[in-house]
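A.B. asks: Once you've had a glance at the structure underneath, I'll fire off some questions.
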Amino acid sequence: MRKFYFLLMAAITLSMSAFENASVSKVAEIANLASMPKVIRSVAQNKLAPVATATDYESETWVSLGAGKFVASAVAECYGSSTDPVDVEIFEAQGKTGLYKVVGVWADIISDGTLYVDATDPEFVVIEDQFTGIVDKVDGNTRIASLSAVLLEQGYTKAQILAQDGFEEVNITLSDKVITIPAGSLALRWPEAPADSKYGTNPEKWYSYGENDGVVVLPGGEYVDPWGEAVDATMVETILGPTFGKTNTAPFAIQIQKNSETGAYRLISPWRQLYADLGYGSTAPNLEIDASDPTNLIIPLQATGLGSQTDGSFGYMSMSYYDLVNEQETDDALKITLTDNGDGTSTISFPYHSGIIYAQASEGKYYASGDENVLSYVTFPTFSGINEVKTDIDNSNAPVEYFNLQGVRIVNPEAGQFVIKRQGSEVTKLIVR
């Protein structure tokens with residue numbers, strides 16, 4: 001498996017919001033890159049708590065509660081593994097209600113992966129610093145903790161942590177037998193990382209991943225995955241391939257999903273052909289697309305799992321996303337579009353230079369879509385439902401709901417946050433002011 005770190009690194013202070021600015025541009029002036037939503041953050045820790053002080057979970061007597069479900073987030077993003085729900089077995093510590101052992105996590109990486117979760121306080125769930133069981137080929141043991149645990153280790157009290165602006169969105173909670181692990185609430189570290197790690201890993205830092213929510217469903221709990229069943233699709237990919245000297249114009253099969261709450265699309269491993277051409281053994285990550293405006297699709301900055309020794313890890317975003325963040329109009333020729341073909345299929349089309357490849361290490365920005373004569377596209381059976389706008393329905397009195405780009409409902413969106421707004425049958429994208 002390949003580990004990738006990605007854009008928008010921030011020191012975690014009590015405010016949890018100090019972003020570095022990017023200044024070098026190979027495309028155009030990107031003056032406001034630091035205001036983009038966090039994807040993966042480097043979390044600086046003042047002093048790492050010695051591993052020896054970690055809770056001795058093995059000394060507990062564990063009682064099986066039965067079968068549950070688990071949706072991976074941080075580990076999956078780091079190693080490009082699955083975020084699909086998997087079956088797990090849930091145990092509870094005898095005499096300690098709310099202290100859980102979840103067995104079967106990260107099933108596509110290791111067997112019998114285990115995660116210990118302290119939900120004794122349902123409104124402030126903590127995942128203490130612990131070994132994941134995953135040994136990185138470059139950086140050694142992979143450890144995981146919640147940001148709440150990291151801050152507690154640094155000496156902050158629970159009251160101080162809960163009082164901070166922005167912590168609510170990364171606070172892990174338990175409700176109705178479902179533990180919700182918000183995007184960005186988990187951090188990973190590699191204390192054995194060598195000084196010459198090809199990933200530039202700092203063994204004295206935590207790395208927080210913030211693109212997907214995680215979930216632990218306890219026995220008797222209910223989880224409804226907003227991403228529907230994946231359907232077969234056809235893709236031509238000349239977006240990233242030319243960057244690596246691989247221009248393959250032959251269509252290949254992928255799958256696509258649609259989010260029942262936001263209408264967003266998810267391309268399942270769209271870079272798989274390029275990964276195969278490059279001889280990578282790991283799984284290519286998915287790509288999520290906001291299609292609330294079919295004439296101008298938005299692809300937020302996301303990890304590709306690819307990179308180079310000079311530029312570091314590569315991320316990908318649409319030019320429309322860059323323009324949205326910088327509050328400027330996107331040229332029509334650079335808009336990614338969704339078209340109903342009238343034959344039961346739809347096509348997402350990627351014009352030449354409609355995307356940007358962002359290089360983490362060099363802070364370089366490069367145009368994606370390297371072949372102006374062979375354009376990328378994805379064709380798939382037309383979904384129906386959330387994106388159908390019925391003009392005869394009055395939505396003005398309908399309740400307003402907000403979602404992030406992964407389809408997770410947001411109770412109190414913050415200023416500067418990019419969200420999907422749904423009011424009745426109307427779905428729009430906006431940046432909260």
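A.B. asks: Per residue of the range 217-231, what does 6.51 cos²θ - 1.76 cosθ + 1.60 with θ = phi - 60° give for ³J(HN,Hα)? Whole Hz please, x for Gly and Pro, Karplus curve as stated.
C.D. replies: My calculation for the range 217-231 gives 9, 6, x, x, x, 10, 10, 10, 6, x, 7, x, 5, 6, 10 Hz in order.
A.B. asks: Continuing with the same structure: Taking 7 Å along the Cα-to-C-beta vector as the label spot, tell me the TYR366-GLU168 distance in nanometres, rounded to one decimal.
C.D. replies: Spacing of the two 7 Å Cα→Cβ label points: 4.2 nm.
A.B. asks: Which pairs break 19 Å Cα to Cα here: LYS365/LYS421; LYS69/LYS101; LYS96/LYS177?
C.D. replies: LYS365/LYS421
A.B. asks: In nanometres, what is the gap between the two model label sites at ASP331 and GLU222, each 7 Å from Cα along Cα-to-Cβ?
C.D. replies: With each label point 7 Å from Cα toward Cβ, the separation is 5.1 nm.
A.B. asks: Please sort 309-320, 239-250 by packing, taking for each peptide the average over its residues of neighbouring beta carbons within 10 angstrom, highest first.
C.D. replies: Top of the packing list down: 309-320, 239-250.
A.B. asks: Return the long-range amide H neighbours of ILE134 (sequence gap of 5 or more, or a different chain), with a cut-off of under 5 Å between placed amide H atoms.
C.D. replies: Close amide H contacts, sequence-distant or interchain: THR142.
A.B. asks: Which order do peptides 176-185, 336-345, 256-265 fall in by mean Cβ count within 10 Å, highest first?
C.D. replies: Listed from highest to lowest mean packing, they are 256-265, 176-185, 336-345.
A.B. asks: Please list, in chain and number order, the residues 5+ apart from LEU65 or on another chain whose amide H is under 5 Å from its amide H, with Hs placed from the backbone.
C.D. replies: HN-HN under 5 Å from LEU65: ILE90, PHE91, GLU92.
A.B. asks: Please work out the C-alpha center-to-center distance from the range 181-246 to the range 298-361 and express it in whole Å.
C.D. replies: For the range 181-246 versus the range 298-361, the Cα centre distance is 18 Å.
A.B. asks: Consider all pairwise Cα distances in the range 51-178 and report the whole-number % of them above 24 Å.
C.D. replies: Across the range 51-178, Cα pairs with separations above 24 Å total 30 percent.
Where a number appears in this text, it was derived from the coordinates with a stated rule and is not lab data. Just so it is clear, the model here is predicted, and its values are computed rather than measured. A quick note on method: Cβ atoms are made from the backbone with ideal geometry, for glycine too, and the neighbour counts reach across all protein chains shown.
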